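The values are calculated or read from the model by the stated rules, or taken from the named source; none is laboratory data. Quick caveat: nothing in here was measured; it's all calculated off a predicted structure. Cβ placement follows ideal geometry from the backbone for every residue including glycine, while neighbour counts extend to all protein chains displayed.
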Amino acid sequence: MTASEGDRREPAPADSDLAELLADEVARGDAALARTETKTSILLAVLSPIVTAGVAVLPRSDTSPPATAAFWAALGLLTAALLLLLWNVRPRLRGSGFATYARMSDADLQRHFVRAAEDPVRWHRERLLVIARVGAVKFGLLRTATQLVGAAVLVAVAAAVLAAATA
């Protein structure tokens, strides 16, 4: 490599630029987590009454045994999705964020923010890592729950066809 090739490298970004980029990514991560929480809450609100109604109505159903079994299977899938969604709304701050401040004294809080101000790039990196890890878990749980809901709908349709065919 010649000296002129070595001079073509991009200059390292300033810490303030890195801090700004990281802060932007933290904001994007927070927004993505908020959307996930909203989707999870909506699904909980929709599925909870369906599962409740299913548990109340299915035992008194007079459909054929295969159709009843299929309806129970669909209800089981919806219940599993509901449990995943409930687990998903559970807070997971893992030593970061405002929940940790509750355990701190005023002096601890002062030290914490002095340390953050001394190295804002590191502070933003740590926050981004927490958000990314929490987000990966929450996104995975939501994805699995929606797959279970989709499977439950297919099983419920099959159960309805069975019920109609044996009526």
Test: residue in the stretch 87-96 that is surrounded by 15 or more Cβ atoms within 10 Å (Cβ to Cβ) and touching a residue at least 60 places away in the same chain (Cβ under 8 Å): no
Filter result for Gly95 (under 23 Å from Ala31 (Cα atoms) and either modelled with pLDDT under 90 or not in a helix (DSSP H, G or I) (or both)): yes
Among (1) out of contact with any Asp or Glu (no Cβ under 9 Å at 6 or more places or on another chain); (2) assigned to a helix (DSSP H, G or I); (3) buried (at least 18 other Cβ atoms within 10 Å of the Cβ), the one test that Thr63 misses: (2)
Neighbours by Cβ (under 8 Å, 6+ apart or cross-chain): first from the stretch 37-54, within 17 Å of Leu141 (Cβ to Cβ) and in contact (Cβ under 8 Å) with a residue 24 or more places away in the chain; second part of a helix (DSSP H, G or I) and of a type in the set (S, T, N, Q): Thr40/Asn88; Leu43/Thr146
Failed criterion for Ala167 (all others in (1) surrounded by fewer than 12 Cβ atoms within 10 Å (Cβ to Cβ); (2) free of Cβ contacts under 8 Å to residues at least 24 places away in the same chain hold): (2)
Out of Ser41, Ser4, Ser48, sole residue that is in a helix (DSSP H, G or I) and modelled with pLDDT under 95: Ser4
Residue among Ala132, Ala159, Ala152, Ala117 that alone is among the aliphatic types (A, V, I, L, M), over 30 Å from Ile50 (Cβ atoms), part of a helix (DSSP H, G or I) and in contact (Cβ under 8 Å) with a residue 60 or more places away in the chain: Ala132
